[in-house]
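Throughout, read-outs are computed from the coordinates displayed, never taken from laboratory work. These figures come from a predicted structure and were not determined experimentally. All Cβ positions, glycine included, derive from the backbone under ideal geometry; neighbour counts span all protein chains shown.
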Amino acid sequence: MQVGGSDQWGNITAGIDLIRRRTGAQAHGLTVPLVTRADGAKFGKTTDGAVWLDPERTLPYELHQYFVNVDDRDVDRFLLQLTLVPGDEVAAVMADHGASPDQRLAQHRLADEVCNLVHGVEATGRARLAAQGLFGSEQPTGEVLEALRGIVPETVL
């Protein structure tokens, strides 16, 4: 069984054919639609600004910020496709988001949910603290500064 994105259809069918010719065994392929952004660009490892849904390849802060910055046109679909949030709850989140789009409520929910799935709740909390330290207007606390460690360059004087 070969599984891949729909853009890999040709490679998958070539692999099935190769297996059949070399071994005589039956092989199967399954393709799934690509996740794309509203501009039509692929969401994946080959696009600019890509993130990996792998805790070893993308820091929690990077993953969280990626989804905080998702286009309004994508957030509803991504909440449904990439999280375990029920559809009726997504509709409620989107209604709240529509009332105050400048607060990016839906994007923050998406970022929290995806980051929770990939990195866990504790790492998501640290990612939120790091963002607060970088973008908030208050003096960062020790907890916030600790969350920033490893995310921003640091120098000891």
How long is the gain from Leu84 to Leu34 if the chain were fully straight, where each residue apart is worth 0.36 nm and the alpha carbon distance is subtracted? 16.1 nm
Projecting each Cα onto the charge dipole of the stretch 36-149 (Lys/Arg +1, Asp/Glu -1 at the beta carbon, about the Cα centre), which of Leu129, Leu110, Ala41 comes out farthest on the positive side? Ala41
Which option, [x] 36.8, 135; [y] 19.9, 68; [z] 16.1, 53, is the value of Rg and Dmax of the Cα atoms in Å that was calculated from these coordinates? [y]
Would you mind working out the magnitude of the charge dipole of the chain relative to its Cα centre, with +1 at each Lys and Arg C-beta and -1 at each Asp and Glu C-beta, to the nearest 20 Debye? 860
Would you look at the GNM of the chain, springs on alpha carbons closer than 10 Å, and say which of Pro86, Pro60, Pro33 moves the most? Pro33
Which loop-located GluC sites (Glu not before Pro) does the stretch 15-115 contain, where loop means any DSSP state but H, G, I, E or B and the Cβ has at most 14 other Cβ atoms within 10 Å? Glu56
Taking +1 at the Cβ of each Lys and Arg and -1 at the Cβ of each Asp and Glu, which of Pro101, Pro140, Trp9 sits farthest along the dipole of the chain towards its positive end, judged by Cα position relative to the Cα centre? Trp9
For the stretch 49-157, which chymotrypsin sites (Phe, Trp or Tyr not before Pro) pass both filters: DSSP loop (anything but H, G, I, E, B) and at most 13 other C-beta atoms within 10 Å? Trp52
Write out the trypsin sites (Lys or Arg not before Pro) in the stretch 31-115 meeting two conditions: DSSP loop, and at most 16 other Cβ atoms within 10 Å of their Cβ. Arg37, Lys45, Arg57
Would you mind checking which residues have amide H under 5 Å from Thr36's amide H? H placed 1.01 Å from N; only 5 or more apart, or other chain. Phe43
Tell me the relative contact order for the chain as a rounded percent, counting alpha carbon contacts under 8 Å between residues six or more apart. 17
Give the distance, in whole Å, between the Cα centre of the stretch 1-38 and the Cα centre of the stretch 127-157. 45
